[in-house]
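The values are calculated or read from the model by the stated rules, or taken from the named source; none is laboratory data. Note that this is a predicted model, so its numbers are computed, not measured. Glycine also receives a Cβ, built like all others from the backbone with ideal geometry; neighbour counts cover every protein chain displayed. In case anyone asks, the SASA skips ligands and DNA or RNA and just uses the protein heavy atoms, side chains included. Shrake-Rupley method; radii C 1.70, N 1.55, O 1.52, S 1.80 Å.
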Amino acid sequence: MKLHHLRTCHLENPVGFQMNAPVFSWIVDAETVLSKIEIRGADGSFYETDYSRHDALGTRLDIQLRPRTRYTWTLSVKNGQECAKAEAFFETGKKGEPWQAKWIAEKEASERLPIFYKKLLLKGNVASARLYICGLGLYEAYLGGEKIGDALLTPGCNDYTDWLQVQTYDITKEIQRSAELSILLGDGWYKGRYGFNGCLDGYYGKTRTVIAEVHVTYEDGSTECFITDESWAMKRSNIASSSIYDGEKIDDTLEEETGEVILLEESEQKRLTALLTDNFSIPVRRQEDFSVEMIGTPAGELVVDTKQNLSGVFSLRIHEPKGSVIRLQFGEVLQDGNFYRDNLRSAKQEFVYVSDGNEHVLRPHFTFYGFRYIKIEGITNFKPEDLTVHALYSDIQMTGKLTTGHAKVNRLIQNTIWGMKSNFVDVPTDCPQRDERMGWTGDAQAFSPTAMYLADTYAFYRKFLYDCKKEQEAHDGMVPDTIPAAGMKGCSSVWGDATCIIPWNMYLFYGDKSILEEHYDSMVAWVEYIRKVDGDNHGYRKIFHYGDWLALDSKTPGVAQVRGGTDEGFIADIYYRKSALLVAKTARLLGKEADVLKYNQLADKILEGILYEYYTPSGRCAIDTQTAAVLSLLEDIGSQERAKAQLKELLEANYGMLKTGFVGTPFLCPMLSENGMEKMAWELLFNEDYPGWLHEVNLGATTVWERWNSLDEDGHISSTGMNSLNHYTYGSIVEWIWKYAAGLRPLEEEPGFQKVCIAPSVSWQMKYLDAEYASPAGTYKIHWDLPDKQHIHILITVPVGCEALIMLPHSKGEVFVMSGETIDRVYQTDEPLMEELSVEDKGEVVS
Ligand code: BGC
């Protein structure tokens, strides 16, 4: 019997994370077990609880935790005569404990970044030491010049007006080597340029400031606390300027300069300290390393190719004469073979270095870049081995491995994975390169199930939802278009519904309802906000909504068009009802029976309005678009037969090509599969012409584009106003591959993959598929291949303790249940497998 994956609040041995009540989860590879958890606090406290197998996905334990305390928990499980034990720990941060430290700042403001420093005078041998810190905009802390921890861009990106994150570092070893503590501050999202269209400078704050406490326990048991206060000193760093969008300038020829340290005014001290909250953000780290290849361009530039569009930073070894200026610029695509970056809008995305004549390894500190290509200027004899690119993203653990027998589909899957990695930089962003990089809620909700197949996203989204909750509290329940809002004032349907959709998806994929408990009030607040706007006269339909963003059926033509052809009021009502239903379902789980009734009644009322306004009496949807038909099927509204026929006709009229945008696309292939039109779904996937997923692959994409037509057929960028090559929304096709081609589906009645349905769908063109999913309940494996057109080979493993309803494709409807076992079978198909149509057979495409 194996016991593994012990987590507290879905994190491995977390230190300093926000937890009012810990949530324990684990995986045990045994059928029926009794589990006991014993929790021992360093303060002598002791708790124990019994669990059933079902609780292994995460159950909140309402115990009082003390600040700055390590708790060790031991899990013992018993399965018949067999016993096993495993141990994990978590450590609390400062929780609500008052701060002794003060916020310190520089007296004179300067673009040049400050370093605050102080030598801590230790009284004896250190047994343990912790640093608790929040530095604004961004900070890096050092002991003896060595950076503490490997997290970057701390304290993270969130709504700084309502909460500030504190990180905890175990510095026991580091402080024994050196007690010279220094803190470098940058501008980041807080003080730098950040916000829609990149026009907000210092939106959250104008002053760089830091608060820190070092708590030391000596070997003799005595303790001491070192704090930031007016006794600290300050000097200027060699970082002349720094900005999330524009990059960084490091100048090693700058004269040394010191400055005066001040305490923030009393009222500001109070305001900021009251906002301090233990950490939610999982660390943003350097992840994969990439070597680069040098390319010459027709314009004679020195450009290197990372071969992968990503968000990242770099290390560059240089040795240039004093005063030389080195410039690196970052771009996503070449145009006519030359370096290009007009699609970044106002973001400069560069790195400038002025040399002091010595050899250095350079790295940026408080910025990141979205790029594949780097243009290099000012290096005399550049050698590619001197430059390493580091992908940079939040430390999510990948859970889904998926490969197929179709090389281009495999590239599409990789492109989607890179779309996710690039846009998981503390916040689920829209894009990592231009002057946005914001937590657009619509994109986040649409991609969330895909992300949940690919990685363990629980802690990542939990932080996003906490930020969302804070924003909603400040906006009367409204969900601003981006989280953090950074000045965004409006909201839109589909986008705002992220507050209901993401926690529900988390529950479905991870099976831990604590996220619903934590977020329930915010879900309700959003629905109530809409109710208010809607009034008695469908006011909600009439406010601005993004609608089926970037769909190809806009009433107004043009390559840069953003609005889709589906009535935005219709989409708004559909999502209003969807959120009301999610609230009702959540209320049922949380035992809030009055709310179940209330929100089901509300959903019924909205449905009445939808049917009256948008459907004919016979149940035909009066909006004749692919997305409207998809939504009718998805939400089971109107006549389903009419909706199926409508979707089929619309696709056929467009030669099997899609026209959907951000709303329709994630559900287009799923609805075709669910409604007996699976062949059309496969054809959409394999289509290599415009518009389609493999069309992008054919044009060399290494991530997923924002628009179906981001690049023209000849590889030219189609427009520059809003055109990113690294947007993940359309990567949601990978959810379809998981759910329908691999066929692995979580079930609402037993979420978290304890019980699933596995219903693969095979395609002659795909040849084979290999999927492995490390679910919170154990690892599922699904493989199929096609020995010939009359046979299917299937190999499925269901983890111990889990149950799968298996529906084999082309098997005359064979259905059976499996638990903790593997089947490996070749069987004859009920009818010969068909090839999907090739694009040439479809004739000319109308768009
Ligand atoms: C973003 C999107 C976002 C949209 C709002 C854009 O600028 O990049 O992905 O959802 O605005 O519709």
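Data overview
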| quantity | calculated |
| --- | --- |
| Residue list for the stretch 728-743, restricted to those being more than 15 Å from the ligand (Cβ to nearest atom) and within 21 Å of the chain's Cα centre (by Cα) | Ile733, Val734, Glu735, Trp736, Ile737, Trp738, Lys739 |
| Single unsatisfied condition, Val352 versus (1) over 23 Å from the mean Cα position of the chain (by Cα); (2) in a loop (DSSP other than H, G, I, E, B) | (2) |
| From the options Gly44, Gly58, Gly93, residue that is without any contact (Cβ under 8 Å) to a residue 12 or more places away in the chain and open to solvent by less than 70 Å² (accessible area, probe 1.4 Å) | Gly44 |
| Residue in the stretch 63-71 that is more than 26 Å from Trp99 (Cα to Cα), touching a strand residue (DSSP E or B) at 6+ places or on another chain (Cβ under 7 Å) and free of Cβ contacts under 8 Å to residues at least 60 places away in the same chain present | no |
| Qualifying positions in the stretch 290-308 - in contact with a helix residue (DSSP H, G or I) (Cβ under 6 Å, 6 or more places away or on another chain) and open to solvent by 20 Å² or more (accessible area, probe 1.4 Å) | Met294 |
| One residue from Ser241, Ser281 being closer than 20 Å to Met438 by Cα and open to solvent by less than 50 Å² (accessible area, probe 1.4 Å) | Ser281 |
| Residues within the stretch 696-721 that are surrounded by 20 or more Cβ atoms within 10 Å (Cβ to Cβ) and out of contact with any Asp or Glu (no Cβ under 6 Å at 6 or more places or on another chain), tallied | 12 |
| Whichever residue in the stretch 362-381 is β-branched (Val, Ile, Thr) and outside any strand (DSSP E or B) and, among such residues, is surrounded by the most Cβ atoms within 10 Å (Cβ to Cβ) | Thr367 |
| Selected residue (criterion: nearest to the ligand (Cβ to nearest atom)) from residues of the stretch 696-724 that are in contact with a strand residue (DSSP E or B) (Cβ under 8 Å, 6 or more places away or on another chain) and free of Cβ contacts under 8 Å to residues at least 24 places away in the same chain | Ser710 |
| Of all residues making up the stretch 559-604, the number that are part of a loop (DSSP other than H, G, I, E, B) and either open to solvent by less than 20 Å² (accessible area, probe 1.4 Å) or under 20 Å from Thr665 (Cα atoms) (or both) | 9 |
| Count of residues meeting criterion [at pLDDT 95 or above, assigned to a helix (DSSP H, G or I) and out of contact with any Phe, Trp or Tyr (no Cβ under 6 Å at 6 or more places or on another chain)] in the stretch 184-199 | 2 |
| The stretch 484-511 residues that are within 11 Å of the ligand (Cβ to nearest atom), paired with ones that are of a type in the set (A, V, I, L, M) and part of a helix (DSSP H, G or I) (beta carbon under 6 Å, 6 or more apart) | Ala498/Ala444 |
| Qualifying position, being touching a strand residue (DSSP E or B) at 6+ places or on another chain (Cβ under 9 Å), under 20 Å from Phe226 (Cα atoms) and open to solvent by less than 40 Å² (accessible area, probe 1.4 Å), among Gly137, Gly124 | Gly124 |
| Qualifying residues in the stretch 263-278 (those that are in contact with a strand residue (DSSP E or B) (Cβ under 9 Å, 6 or more places away or on another chain) and of a type in the set (A, V, I, L, M)) - the one least open to solvent (accessible area, probe 1.4 Å) | Leu272 |
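Residues checked against (1) within 16 Å of the ligand (Cβ to nearest atom); (2) over 22 Å from Ile737 (Cβ atoms); (3) free of Cβ contacts under 8 Å to residues at least 12 places away in the same chain; (4) not in a helix (DSSP H, G or I):
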| position | (1), (2), (3), (4) |
| --- | --- |
| Gln433 | yes, yes, no, yes |
| Glu436 | yes, yes, no, yes |
| Gln445 | yes, no, no, no |
| Pro449 | no, no, no, no |
| Asp476 | no, yes, no, yes |
| Val479 | yes, yes, no, yes |
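Residues checked against (1) more than 16 Å from the ligand (Cβ to nearest atom); (2) crowded, with 23+ Cβ neighbours inside 10 Å; (3) under 18 Å from Leu668 (Cβ atoms):
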position	(1), (2), (3)
Asn726	no, yes, no
Arg745	yes, no, yes
Glu748	yes, no, no
Gly752	yes, yes, no
Leu769	yes, yes, no
